[in-house]
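K.L.:
Okay, here's the structure, questions in a sec.
The values are calculated or read from the model by the stated rules, or taken from the named source; none is laboratory data. The model shown is predicted, which means the values in this text are computed figures rather than measured ones. Quick reminder, even Gly has a Cβ in these numbers, built from the backbone with ideal geometry, and neighbours come from all protein chains shown.
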Amino acid sequence: MSAPKSSPESSIVLETRELTKAFGGLVAVNSVSIVVREGEPHAVIGPNGAGKSTFVNLLTGHLPASGGQVLFRGRDITSLPAHRISRLGIGRSYQKTNIFPTFTVFENCRLAAQSRLSSSMRFFRPARALADVNARAERAMELAGLAARSGRVAGTMSYGEQRQLEIAMVLATGPDVLVLDEPLAGMGREESERMVTLLKGLAAQYTLVLVEHDMDAVFSLAHTLTVMVNGTLLESGPVDVVRASQAVQDAYLGDGAEAY
Amino acid sequence: MSRLPRPVAIALLALVVLLAAYPLYGAWLFPAKHAFLMQKITGIMILAIMAMSLDLLVGIAGMVSLGHAAFFGLGGYMLAILSPEYEAANIWIVLPAALAIVAAVAAIIGALSIRTTGISFIMITLAFGQMGFYFFNDSRLAGGSDGAYIYVMPAVEIAGISLMNLENKLVFYYLVFGLFIGAYLLLKVLLASPFGRVVQAIGVNESRVKGLGFNPDHYKLVAFVIGATIAGLAGFLGAAQYGFVNPAMLSWHQSGTALVMVILGGMGTIFGPALGAFVLELARMGFEGMTEHWLLPMGLFVIAVVLLLPKGLAGLLLQLGAKPAPEPEDEA
Amino acid sequence: MDVWFFLIQALNGVQYGLLLFLVASGLTLIFGIMGIINLAHGSFYMLGAYTAYWLALKTGSLLAALVLSLPIAALVGFGIETLLVRALYKRDHLDQVLLTYGLILVFNEAQKLIWGSDVHAVAMPAVLNWSFPLTDNLSYPIYRLVISAVCAVVALGMWWVIAKTRFGMWVRAGASNREMVQALGINVKLLFGLVFAIGAALAGLAGAIAAPVSSVYPGMGDSVLILCFVVVVIGGVGSVKGAFLGAILIGLADTFGRVLVPDFASFSVYAVMAAVLLWKPKGLFA
């Protein structure tokens, strides 16, 4: 269900305009404006506490914004609840593994795929009889490299595999845009490499928005980059431009890039 | 998770057969108490229907209701209110009407209640349950705190031909037995359906369900109404059996007892709460026979079960009946 | 309806609310700090009432009975926490519900075994057994004022302990964030035991002091328990301040409900609760 690639001057898929979130007196995201174009992987980076996760939660409707706008293909989605945004085609994964641990891997993905039925208010036929839903679930497991794990109870798998499942579930919803919140968080080296390979494959098919700590991964994946510090946007644009920016160099990327 | 381990399935089937055949051997086994026991078992099956319906809310969808008896009682009261005083009501009218009213009330209470979660949900359902209790207790509708009698069983007829005579204890036993099994199967079918899968997922991780693009509130509400309506059916049967309704049917004690059956039996398994209903009621019968202070051993029994059986009776059965640990299918 | 009548009802409502607060504050703290839904909390109220009744008979002095019934309730509470509840902290809330439900049955039946099924009146101390005249034909029983005063003093004392002492700091830390208690290196077992014991003692005190007004009767803990749950939920689970306001609100709603809409008095309390929860699903001070 990925959108067709358009003209060279590719169209804007996701855009925020002065997006703001305050918790009481604390402004976690302060007037952040970014643009994500069709097929161009975009990364959001920043130190801990920069407001990245809050930003993702605003993008996907998991938190209500205090001000500003989120536009998806030109449509204002700022005040939509999470489930409506998911249905529009913005799939997200979570920083903290967020799966159904008592379900099998297949059932996790099947449920995700089932969410694309016009309604799941179907009461009397077994869910497993929905062939196209099953097919979508299986394809998502394959894409995420979990085909061999189909029957495993999700909660009993290794951490790395649970992260893969997290991605597989998003894929099973047939999204247009993938918003991935720290897909590499907490992973060992080998697991990370596998995940980066997976993400590279996905970048060819989906528009990726990636929140990540791992700089190597970010630079090998992203075309455009947004740097956030203390809830505000420091710089946003093509990776090379942002990397060269003096402000970013000073504040963030310089020698201390490995520091956190 | 949807299929029971073979030994457990066989054990449950054996219990069902025992239950189905009870009228055949009961008189021979317990000559002195047969009639009493048959009535008792009928009553327990009715409570089991209620417990299973509560499991849909508590064990499956994660909505712990302490007001479920309101729907049980309402179902019963509807029979009492809709029945003509000295003649038989037409079951094809009273039963659908009673269930429709229960469902409508549940839709309103449910829509308001599911705005809250956790302990607030427990309490708001308690509040609505108590409002239901006092509604029938304090108003002059249907006898107030004294309750009301249903003098004649509803008639089950088609074109004037009687299909079954509910006044006959044996017929009523099998009707309730059929509905008990039917309710179990209905719930199992629902759980396997796309709807059921979503509800089950809500019980495990509601926010994730939302993130996947479902609106959990819709599914919770429908589950709430289905559970309430099944409880209403149980209440209808209970009122028909005893020919009497009173506000105690709606009380929080009744809700609490149903919840105890669910937890004791094993939440989320459907068969567990049914088992819980039997064990709790039979234990009570046993203790009642031993001492007038039966609540004391009953309480100790409940405490012992919690401390010793973390997942209820069903958890114990499933553990005993589980296949030897499935070998981990290792990757290459 | 004249002003005096209103005043009397308001006094009654506040007195009832303060009494409910004593029970509900323990309930809310036990849930907030330990995560335990204690259905048996009403049993401590009953225990307090019956020990007061029994000790007043033995000693001939209600005051002595009141003073003695406090440590008894505290000890029973401490014992239950140590012997039973402690085993279930890591379990689902519902297991605790089931356990404490079992305890209710045991307590109710034990009460009948020990003290029988009759209703017993508890004599008021003679010094307090008079009424304060308001108008020619209206007066207000002084004992009810005493109840209010005692409850208010205890409430103030609780505020002081919670706001000003080291123990209170633990309690506040625990109520706002349960994990933090462990992180702060507090002796969690002791804290839990103490909170449970204090909660039991407060409920027992409420039962004991109310006994001359309410009499003692089987099952008296159950109705108080349900009302206190209402109070706790209205106030916001874990909030002592919320429990206080919730208790006063429910005390007034119940009292005025009884005189203004006698047919739907109990209904009114639950209607208030449903309204508050629909407005603020987590209670007033969550």
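K.L.:
Quick one: is C:Ile226 within 11 Å of chain B (Cβ to nearest Cβ) and within 17 Å of the chain's Cα centre (by Cα)?
P.N.:
Taking the combined requirement at face value, the residue satisfies it.
K.L.:
So is A:Pro183 closer than 15 Å to A:Leu199 by Cα and in contact with a Leu (Cβ under 8 Å, 6 or more places away or on another chain) or not?
P.N.:
It is true that A:Pro183 is closer than 15 Å to A:Leu199 by Cα and in contact with a Leu (Cβ under 8 Å, 6 or more places away or on another chain).
K.L.:
Does segment A:71-113 hold any residues that are among the hydroxyl-bearing types (Ser, Thr, Tyr) and touching a strand residue (DSSP E or B) at 6+ places or on another chain (Cβ under 8 Å), and which are they?
P.N.:
A:Thr78, A:Ser86, A:Ser93, A:Tyr94, A:Thr102, A:Thr104, listed by residue number.
K.L.:
Name, by its number, the condition in (1) farther than 27 Å from B:Gly118 by Cα; (2) without any contact (Cβ under 8 Å) to a residue 60 or more places away in the chain that does not hold for C:Lys90.
P.N.:
All conditions are met except number (1).
K.L.:
A further question follows. Out of A:Asn134, A:Asn108, A:Asn48, A:Asn57, I need the residue that is in contact (Cβ under 8 Å) with a residue 40 or more places away in the chain, out of contact with any Asp or Glu (no Cβ under 8 Å at 6 or more places or on another chain) and within 14 Å of chain B (Cβ to nearest Cβ). Which one?
P.N.:
A:Asn108
K.L.:
Identify, from the list B:Val225, B:Val198, B:Val204, the residue that is surrounded by fewer than 24 Cβ atoms within 10 Å (Cβ to Cβ), at the interface with chain A (Cβ under 9 Å from one of its Cβ atoms) and under 21 Å from B:Leu54 (Cα atoms).
P.N.:
B:Val204
Condition check ((1) closer than 16 Å to C:Phe192 by Cα; (2) away from chain B (no Cβ under 12 Å); (3) of a type outside the set (Ser, Thr, Tyr)) across all residues:
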residue: C:Val23; (1), (2), (3): no, yes, yes
residue: C:Thr59; (1), (2), (3): no, yes, no
residue: C:Leu99; (1), (2), (3): no, no, yes
residue: C:Glu109; (1), (2), (3): no, no, yes
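K.L.:
Which residue pairs have Cβ atoms closer than 7 Å, lie 6 or more positions apart in sequence or on different chains, and pair a first residue in segment C:244-273 that is more than 14 Å from chain B (Cβ to nearest Cβ) with a second residue that is outside any helix (DSSP H, G or I) and surrounded by fewer than 21 Cβ atoms within 10 Å (Cβ to Cβ)?
P.N.:
That search, which allows pairs on different chains as well, returns C:Leu245/C:Leu284.
K.L.:
Something else about it: What is the residue count in segment A:82-105 for residues that are facing chain B (nearest Cβ under 7 Å) and assigned to a strand (DSSP E or B)?
P.N.:
The qualifying residues number 1.
K.L.:
Among the residues in segment C:56-70, are any assigned to a helix (DSSP H, G or I) and within 17 Å of C:Phe196 (Cα to Cα)?
P.N.:
Within segment C:56-70, one or more residues are assigned to a helix (DSSP H, G or I) and within 17 Å of C:Phe196 (Cα to Cα).
K.L.:
Looking at A:Leu171, A:Leu233, which is the one that is assigned to a strand (DSSP E or B) and touching a residue at least 12 places away in the same chain (Cβ under 8 Å)?
P.N.:
One residue alone meets the criteria, A:Leu233.
K.L.:
Turning to a different aspect of this structure: (1) crowded, with 17+ Cβ neighbours inside 10 Å; (2) free of Cβ contacts under 8 Å to residues at least 40 places away in the same chain; (3) over 22 Å from C:Asn108 (Cβ atoms): which one isn't true of C:Leu84, the others all being true?
P.N.:
So C:Leu84 meets the others, but not (3).
K.L.:
Just one of (1) within 14 Å of another protein chain (Cβ to nearest Cβ); (2) out of contact with any Phe, Trp or Tyr (no Cβ under 7 Å at 6 or more places or on another chain); (3) polar (S, T, N, Q) trips up B:Asn246, so point out which.
P.N.:
Here B:Asn246 clears every test but (1).
K.L.:
Across segment C:232-243, what is the number of residues that are part of a helix (DSSP H, G or I) and at the interface with another protein chain (Cβ under 10 Å from one of its Cβ atoms)?
P.N.:
3
K.L.:
Every residue in segment C:1-15 that is under 13 Å from C:Phe132 (Cβ atoms) and of a type in the set (Phe, Trp, Tyr), please.
P.N.:
Scanning segment C:1-15 gives a single hit, C:Trp4.
K.L.:
Could you list, in sequence order, all residues of segment A:155-186 that are small (Gly, Ala, Ser) and under 16 Å from A:Gln114 (Cβ atoms)?
P.N.:
Selection gives A:Ala168, A:Ala172, A:Gly174.
K.L.:
How about segment B:221-277: which of its residues are of a type in the set (Ser, Thr, Tyr) and outside any helix (DSSP H, G or I)?
P.N.:
Listed by number, the residues that qualify are B:Ser251, B:Thr269.
K.L.:
While we're on this one: Only one of A:Ala154, A:Ala113, A:Ala127, A:Ala82 is in contact with a Lys or Arg (Cβ under 9 Å, 6 or more places away or on another chain), crowded, with 18+ Cβ neighbours inside 10 Å and touching a residue at least 24 places away in the same chain (Cβ under 8 Å). Can you tell me which?
P.N.:
Sole residue among the options that is in contact with a Lys or Arg (Cβ under 9 Å, 6 or more places away or on another chain), crowded, with 18+ Cβ neighbours inside 10 Å and touching a residue at least 24 places away in the same chain (Cβ under 8 Å): A:Ala113.
K.L.:
Check A:Leu202, A:Leu184 and return the single one that is surrounded by 14 or more Cβ atoms within 10 Å (Cβ to Cβ), within 18 Å of the chain's Cα centre (by Cα), assigned to a loop (DSSP other than H, G, I, E, B) and assigned by TED's automatic domain parsing to the domain that holds A:Gly46.
P.N.:
After ruling out the rest, the residue left standing is A:Leu184.
K.L.:
Given the criteria without any contact (Cβ under 8 Å) to a residue 40 or more places away in the chain, within 14 Å of another protein chain (Cβ to nearest Cβ) and in contact with a helix residue (DSSP H, G or I) (Cβ under 6 Å, 6 or more places away or on another chain), does B:Thr125 qualify?
P.N.:
no
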